[in-house]
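Working notes for the structure below.
Read the figures in this text as sums done on the coordinates, not as results from a lab. Note that the structure is a prediction, hence the values are computed from the model and not measured. Neighbour counts are summed over all protein chains in view; Cβ atoms, including those assigned to glycine, are modelled from backbone coordinates with ideal geometry.
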């Protein structure tokens, strides 16, 4: 199947965001981007909508689109919301977690742990796998509204930054780091499972805050 112009623009912009080549916080000129990619504004806007759906850019009414600028307060708040949603999903899903879903959680965790390499491609691959694992946990709660809200708080962008600042710099690359987490979630009592999930999420927050402060 031939690659569309929209897909080409989407892939190029996404790669630029992952690599940090597009300035954070600056509003993007859609006309200039369309000229850069030799495409129409309609095609460009379709690609931008996909990036917005992934949480990689935000649309500010009357101003335009930009890559959100992270601040410690913003990061803390997003991790708080993420932790609240994921632990709530776990508490609802765990009593009814059948073998099929348990097996899928292990598969997704193994996908995270088996990714190797360095650089933008590896970071992007790990970010997608890590997001898929945690999003599936939300799916297991069987709450369409919760899943919608989880996507709305830009968790893809959060996972991408986490991958860039943590995994991409060698953190949490144990052979079974995520599989060990899933074993705890599946095999241990609810209280222990929930605490393990909170610790996993909060470790990501600590890493991000450290890297943000270091980058000042």
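Ordering of 6-19, 53-66 by packing is 6-19, 53-66, highest average first (other Cβ atoms within 10 Å, averaged per residue). Ranking of 85, 190, 159 by neighbouring Cβ atoms within 10 Å, starting from the fewest: 190, 85, 159.
Which angle between 0 and 90 degrees, to the nearest 10, do you get for helix 177-187 versus the longest principal axis of the chain when only C-alpha atoms count? It works out to around 50 degrees.
When you count the other C-beta atoms within 10 angstrom of each residue and take the mean per peptide, 69-78, 163-172 line up highest first as 163-172, 69-78. By other beta-carbon atoms within 10 Å, ranking 205, 212, 51 with the fewest at the front produces 212, 205, 51.
Just check the range 5-66 against the gyration tensor rule for me: Cα atoms, a ≥ b ≥ c as the square roots of the eigenvalues, rounded for a/c under 1.5, and otherwise prolate or oblate depending on whether a/b exceeds b/c. Rounded.
Taking the fewest neighbouring Cβ atoms within 10 Å as the starting point, the ordered list for 177, 131, 200 is 177, 200, 131.
In the chain, helical runs assigned H by DSSP with n ≥ 4 each contribute -39500 (n - 2.57); averaged across all residues and rounded to the nearest 500, the mean residue ellipticity at 222 nm is -22000 deg cm²/dmol.
The Cα center of the range 24-95 and the Cα center of the range 119-157 differ in position by 13 Å.
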